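The values are calculated or read from the model by the stated rules, or taken from the named source; none is laboratory data. Every value quoted in this text rests on a predicted model; they were computed, and no experiment measured them. FYI the Cβ positions are ideal-geometry reconstructions off the backbone, even for glycines, and counts take in every protein chain you see.
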Amino acid sequence: MESTTSRVLSPSQLELLAEHGEEQTAVPGDVLFAVGDETYPFIAILEGEARIEDASGREIIRQGAPGFLGELNLLTGQRVFLTAVVSKPMRYIAVPREELRSLLFDHQDLADVVLSAFIARREALQTREGVGLEVIGPRSSERTRAIAEWLREARIPYRWRDPERDGDSEAEQLVDGLPPELLPIVRIPGAEEIQGPTSGELSRALGIGLELADREEVDLLIVGGGPAGLGAAVYGASEGLDTLVLERSVLGGQAGFSRRIENYLGFPGGITGADLISRAVTQALKFGARTATPYVAVSLEADGERHVVRVDEGNEVSARAIVLANGAQYRRLPVEGLADYEGISVFYAAGPPEARRCGGSQVAVVGGGNSAGQAAIWLARGGALVTLLHRRADLSETMSDYLIHDLERAGVQVRDRSEIAELHGTDGELEAVTLADGERLPFKDLFLFLGAEPHTDWLGDSVERDEDGFLLTGNAAGSDNLLETSIPGVYAIGDARCGSTKRVAAAVGEGAMVIPFVHERIGPRIHRVAEEPAVAEPLTR
Ligand SMILES: Cc1cc2nc3c(=O)[nH]c(=O)nc-3n(C[C@H](O)[C@H](O)[C@H](O)COP(=O)(O)OP(=O)(O)OC[C@H]3O[C@@H](n4cnc5c(N)ncnc54)[C@H](O)[C@@H]3O)c2cc1C
């Protein structure tokens, strides 16, 4: 594991932790926590050393003083995926997880060390075999592919056991005779296995994600948990609005997939999307906003004083004001059979699991924008042989100069005027592509970065949109309020809004801007901050 996973605590941080925890000792062989444990404390090591093992007992890393043990599940409430065994006599401070949460809110320096190590540890775990959940089901099962896709987006470590491909006779027996709706079987470390879960059911089985009541009544409903929605949640909740965020997938939106955001104010060295989003969610929850994932908003009914949004699981949310922060979705390639490959060898993001998967093999990144460039460089640095395919005559028409230079340095081959016409492979595993000019190229994986279109289809005719589906606001929608849509009390912000600047800072800024309009509509609220910060699902990427 990288050294970023082994951060150390300063003497003053250890003192602080000692005030809130209990000093304990342990001898070699003692188990500090084991796979499946949901309640283990944060462990700050004063002396000695512990060995971290995966479920099969393989050693992953050793941690000594003045380091600490723990992973994101300490904050999310998920079961732990690893075991910690004392390897040298230990003296340590055990801090209950609730105490840790409060300390992280109150002490920024401690939060910086602990959160960055937790995030780095989670990223490192995703690149290891044999850690996390087991998903047992064939690639031909749509439900299995959907669960694998959701776990990948949620950055939850998992191992996919495909009975049709891996020669895994146990997996074969387990799924034998199961109807499609009971696939996949998901094994959660330390818990009972579940059959055929939806992503919502799995999310809640993992201990993440708020369960919505059949009917919720709130001041402010925000649809979409990307930077715009989270920005609105922070400003709305901190100004006393009873605020609920609905997110159909994983909090963070597109920004959560960015390897490094270089242009966000206040982070001169850049910040990973995961880190920025973790902080944003923690902040929103601190102010008392609630976040519900994964719930898909499927309809909006405008009704004068209150508006109602229905979600895919049948629940309805009635709100005095609604902020649409739906963002955008990735454009797909117009080639036959694409869906068969999606999630198996065609991806819309390039993160640690994908880099692990394609290290050493020949892959293509498709697209001419900066996000395509960033992904190509990241994959090349992970050891893949990367070709960047784009349509135009010259990449500089669409990509920043510094990225074009970085592509060269990383050994990425760039092919101008290249469009994919056909995919070749079996059972979702890509073997080659044919370009429009007839040339056949042997790519094992494709990464598509073709831009995005607004995720607003679910609104139908209820709200006015432009011809590309972007939401009209202000004058264009017949409203005096800059961010109000054609329905009074329904606002649109971020990438989904017609005319918006497609950047994180702009999305967050619109999240802040929209709240005064909401106040104007529903009147001021009494300032209310959650007594006990509820860090329920912030750090899942
Ligand atoms: C790989 C990548 C790298 C990037 N790098 C940078 C960068 O370096 N700097 C920069 O400034 N910008 C960058 N961007 C752009 C930036 O991420 C976006 O402009 C920003 O995320 C837009 O925020 P948003 O909240 O409006 O939308 P999104 O981030 O798209 O979030 C919208 C959210 O709404 C949810 N949603 C949609 N429909 C529903 C529904 N019906 N029900 C419930 N939830 C729903 C989605 O799941 C999503 O989480 C990058 C984008 C990508 C893809």
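From the list 423, 388, 379, pick out the single residue that is outside any strand (DSSP E or B) and under 29 Å from the mean Cα position of the chain (by Cα).
379
Tell me, please, whether a residue that is surrounded by 22 or more Cβ atoms within 10 Å (Cβ to Cβ), touching an Asp or Glu at 6+ places or on another chain (Cβ under 7 Å) and of a type outside the set (Lys, Arg) can be found in the stretch 395-409.
Start the filter on the stretch 395-409 by keeping residues that are surrounded by 22 or more Cβ atoms within 10 Å (Cβ to Cβ), which leaves 399, 407.
Going one step further and asking which of them are touching an Asp or Glu at 6+ places or on another chain (Cβ under 7 Å), we end up with none.
Checking the stretch 395-409: not a single residue is surrounded by 22 or more Cβ atoms within 10 Å (Cβ to Cβ), touching an Asp or Glu at 6+ places or on another chain (Cβ under 7 Å) and of a type outside the set (Lys, Arg).
Please verify whether residue 302 is away from the ligand (no atom under 15 Å from the Cβ) and either closer than 22 Å to residue 522 by Cα or touching a residue at least 12 places away in the same chain (Cβ under 8 Å) (or both), treating the condition exactly as stated.
On the way: away from the ligand (no atom under 15 Å from the Cβ): yes; either closer than 22 Å to residue 522 by Cα or touching a residue at least 12 places away in the same chain (Cβ under 8 Å) (or both): yes.
For residue 302, the condition - away from the ligand (no atom under 15 Å from the Cβ) and either closer than 22 Å to residue 522 by Cα or touching a residue at least 12 places away in the same chain (Cβ under 8 Å) (or both) - is met.
Any residue in the stretch 135-159 that's within 21 Å of residue 54 (Cα to Cα): show its pairings with residues that are of a type in the set (Phe, Trp, Tyr) and not in a helix (DSSP H, G or I) at Cβ separation under 7 Å, as long as the two are six or more apart or on different chains.
Matching pairs, first to second residue: 135/158; 135/160; 148/160; 151/158; 157/81.
Kindly provide the set of residues from the stretch 224-260 that are modelled with pLDDT of 95 or more, near the ligand (Cβ under 6 Å from one of its atoms) and within 17 Å of residue 502 (Cβ to Cβ), ordered by number.
Listed by number, the residues that qualify are 224, 226, 227, 228, 229.
Given the conditions (1) acidic (Asp, Glu); (2) surrounded by fewer than 20 Cβ atoms within 10 Å (Cβ to Cβ); (3) assigned by TED's automatic domain parsing to the domain that holds residue 18; (4) not in a strand (DSSP E or B), and given that residue 71 satisfies all but one, which numbered condition is not satisfied?
The failed condition is (2).
Suppose we keep only residues that are part of a helix (DSSP H, G or I) and within 13 Å of the ligand (Cβ to nearest atom) within the stretch 276-299. Which one would you say is farthest from residue 219 (Cα to Cα)? Spell out the reasoning first.
Here is the first cut: in the stretch 276-299, the ones part of a helix (DSSP H, G or I) are 276-286.
Those left that are additionally within 13 Å of the ligand (Cβ to nearest atom): 276-277, 280-281, 284.
Working: 276: 26, 277: 24, 280: 21, 281: 19, 284: 15 Å.
Among them, the one singled out is 276.
Would you please list the contacts, defined by Cβ atoms under 8 Å and residues six or more apart or on different chains, that run from a residue in the stretch 488-507 that is touching a residue at least 60 places away in the same chain (Cβ under 8 Å) to a residue that is within 8 Å of the ligand (Cβ to nearest atom) and of a type in the set (Lys, Arg)?
From residues that are touching a residue at least 60 places away in the same chain (Cβ under 8 Å), the pairs are 495/502.
Just to be sure I understand, how many residues within the stretch 180-196 are modelled with pLDDT of 95 or more, assigned to a loop (DSSP other than H, G, I, E, B) and of a type outside the set (A, V, I, L, M, F, W, C)?
Here the count works out to 2.
For the structure I just gave you, tell me whether residue 381 is within 16 Å of the ligand (Cβ to nearest atom), surrounded by fewer than 21 Cβ atoms within 10 Å (Cβ to Cβ), free of Cβ contacts under 8 Å to residues at least 60 places away in the same chain and assigned by TED's automatic domain parsing to the domain that holds residue 249.
Working: within 16 Å of the ligand (Cβ to nearest atom): yes; surrounded by fewer than 21 Cβ atoms within 10 Å (Cβ to Cβ): yes; free of Cβ contacts under 8 Å to residues at least 60 places away in the same chain: yes; assigned by TED's automatic domain parsing to the domain that holds residue 249: no.
Spelling it out, it is not the case that residue 381 is within 16 Å of the ligand (Cβ to nearest atom), surrounded by fewer than 21 Cβ atoms within 10 Å (Cβ to Cβ), free of Cβ contacts under 8 Å to residues at least 60 places away in the same chain and assigned by TED's automatic domain parsing to the domain that holds residue 249.
On the given criteria, is residue 303 of a type in the set (Asp, Glu) and not in a loop (DSSP other than H, G, I, E, B)?
Numbers: of a type in the set (Asp, Glu): yes; not in a loop (DSSP other than H, G, I, E, B): no.
It is false that residue 303 is of a type in the set (Asp, Glu) and not in a loop (DSSP other than H, G, I, E, B).
Which of the residues belonging to the stretch 142-161 are buried (at least 20 other Cβ atoms within 10 Å of the Cβ) and over 19 Å from residue 349 (Cβ atoms)?
144, 161 - these are the residues of the stretch 142-161 that are buried (at least 20 other Cβ atoms within 10 Å of the Cβ) and over 19 Å from residue 349 (Cβ atoms).
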